[in-house]
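Structure first, commentary second.
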Amino acid sequence: MTDMQDIPRLSKKERLILDHLIHRGEAYGLALVKTSGGELKRGTVYVTLSRMADKGYVESRQVKERDENGPPKRVFRATGHGARVFHAWEMAQAAWAGELG
Amino acid sequence: MKRPQTIAPTYVDDWFVLVRLTLAGGLGTFVSSSGVYVLGLKADASQWQEKLLVVCLAAMAFAFLGLLGIGSIGLAFLGLRLVSDQSPGRFLEMLSSFSSDRIRCDVFEPVVRDLIDERLDALAEFEATGRRFYLWKARWVVVRGYGSFGNAALAQITLSCARWLLRLRKAG
């Protein structure tokens, strides 16, 4: 039997981010904040993304533009594992909604 | 719209430097007063000696802040540099170097990058249109960027503490 602790969990913010990355492709953290309608905050979005990277839901790469001062940009995309977890969550939600309805 | 690659000194607005100076003054006074208290000089030093020490410690605090690169506060106060052409992200970059490499790359650097990008966009708009609204926007972006950095640091510290407690609980 699967240990309950082994089941991947998704918080509301993580679902929002995965939803964006799966359906609209890779994105910068700031783009995620701007399209979230106030759900994601500038300061904490990168902490959430870092935690999701630890869980294997997203991966990122640095993008250094030419003649650019300061640290490089970081672009994020959903991993296969992240997409599977998100779809499993969607199916579970649909099944739950069906059972209630 | 072409972004300015460096922040020209003209963008370092008088009032913003004034705000920084005021903040540095407050910090300097606090540090120097704490120094007087810690050194225990209040009891036997005469009043002018005490004041002199406060002034010296405040000057040292200003110089230290200036060396850290907080805009132009420290060295500017000492008359060595009146304006700064440094991006405000530089100080945050330096602060983020205290964290681990992974957290710096994943959490803090993107916050600083967003601040720099949004500020440069606002300044480019100002350069193109000449409307002061964009200059105010650039200032607001800096203030908000510092707030975002603080939020990120707070969230990261909370998360790290929670993980540490969890590990401790599992080990115990």
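The values are calculated or read from the model by the stated rules, or taken from the named source; none is laboratory data. This one's a predicted model, so the numbers in the text were calculated from it and none came from an experiment. Backbone-built Cβ (ideal geometry, glycine too); neighbour counts: all protein chains shown.
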Kindly state which helices (runs of 4 or more DSSP H) lie completely within region B:59-157 and contain at least 3 residues that are at pLDDT 85 or above and closer than 30 Å to A:Met52 by Cα.
-> B:109-129
What number of residues within region A:40-69 satisfy the criterion of being at the interface with chain B (Cβ under 9 Å from one of its Cβ atoms) and crowded, with 17+ Cβ neighbours inside 10 Å?
-> 13
Region B:109-140, residues that are crowded, with 20+ Cβ neighbours inside 10 Å, more than 8 Å from chain A (Cβ to nearest Cβ) and not small (Gly, Ala, Ser) | B:Leu115, B:Arg119, B:Leu120, B:Leu123
